[in-house]
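Below: one structure, written as structure tokens.
Computed from the coordinates by the stated procedures, all read-outs in this text should not be read as laboratory data. Because the structure is predicted, anything quoted here is derived from the model rather than measured. Heads up, the Cβs are rebuilt from the backbone with ideal geometry, glycines too, and the neighbour counts pull from every protein chain shown.
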Amino acid sequence: MAAKLNTTELSINMQQNKHISLTKPQSRSAGEEAMKVLHHSHRLSANQCGSVVTQTIQAPLPLVWSVVRQFEEPQAYKQFVKNCGLSSGDGGAGSVRELTVVSGLPAERSIERLERLDDESHVMVVSIIGGDHKLVNYRSTTTLHKEECGGETVVMESYVVDIPPDSCEEDTCLFADTIIGCNLKSLAKLTERMACNHVSSYFPHSFF
Ligand code: A8S
């Protein structure tokens, strides 16, 4: 039991109907559980896979959300994005962005649509609708919630994507999980630094 209590890794339990059940039972808080049930339980077709990546950030939720919600500026924290522009819309739901990624990746560009932007519930849904990569029918859901104790923000990002015919579930999920993991770590670094600078501007002589 002690070993189980220390489990922090997310394990994906693909059940018969391929409904994702993301289990992190012992360490998941009530808030995380609620978000998972509400926004990160996706139905998968036989040729699809998906996962969820969670990142805790020591910065206030409004600050983190202000960075995440900027659909036209993913490069603010996504380090693989070289540049980005809106080809349709004004940054609200229905907008389309076209981005190019840094060299060394198996793709150069991606076309993505903002399906949902909920400033009250802090939910953002993005679909990839084109590009020269292999992420077909990719759809991601990003949610933010506050941990009950402390000023931390929990970011959860789940996705569903087709498994390419020349690949397998493990490799497809590993690829997406790695990119999302890097993105969320970079988001944490950026917003934690912003939060620190903000506090230190109020208390210029303290050690923040
Ligand atoms: C995101 C998530 C992903 C982005 C992937 C998975 C991508 O932007 C990169 C390389 C690719 O091969 C596919 O939230 C694509 O950004 C970095 C261009 C879509």
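For the range 118-202, what is the charge dipole size about the Cα centre, in debye to the nearest 20, if Lys and Arg each add +1 at the Cβ and Asp and Glu each add -1 at the Cβ?
My answer is approximately 380 debye.
So who's got an amide H within less than 5 Å of the one on residue 129, skipping anything under 5 residues away but keeping other chains? H placed 1.01 Å off N, in plane.
When sequence neighbours closer than 5 places are left aside, the close amide H contacts are 111, 112, 113.
Listing 180, 129 from the residue with the fewest other Cβ atoms within 10 Å to the one with the most, what is the order?
Least to most surrounded, the residues fall as 129, 180.
If the label point is 7 Å along Cα→Cβ of residue 93, which residues in the range 103-124 have backbone nitrogen under 17 Å from it?
113-124
Over the range 69-208, what is the relative contact order in percent, taking alpha-carbon pairs closer than 8 angstrom and at least six residues apart?
About 14 percent, as a whole number.
Applying the Karplus parametrisation 6.51 cos²θ - 1.76 cosθ + 1.60 with θ = phi - 60° to the phi angles of the range 81-87, what ³J(HN,Hα) value in whole Hz is obtained for each residue in order, glycine and proline being reported as x?
Values, residue by residue: 8, 7, 8, 8, x, 7, 9 Hz.
Give me, ordered by chain and number, the residues 5 or more places off residue 136 or on other chains with an amide H under 5 Å from its own placed amide H.
162
Among 103, 167, rank each residue by its count of other Cβ atoms within 10 Å, from fewest to most, as a rough exposure measure.
Exposure proxy ranking, most exposed first: 103, 167.
Based on other C-beta atoms within 10 Å, arrange 95, 127 from fewest to most.
127, 95
Using the Karplus curve 6.51 cos²θ - 1.76 cosθ + 1.60 with θ = phi - 60°, work out ³J(HN,Hα) for each residue of the range 134-151 in order, rounded to whole Hz, and write x for Gly and Pro.
Coupling constants for the range 134-151: 9, 7, 7, 6, 7, 9, 10, 10, 10, 10, 10, 8, 8, 6, 4, 9, x, x Hz.
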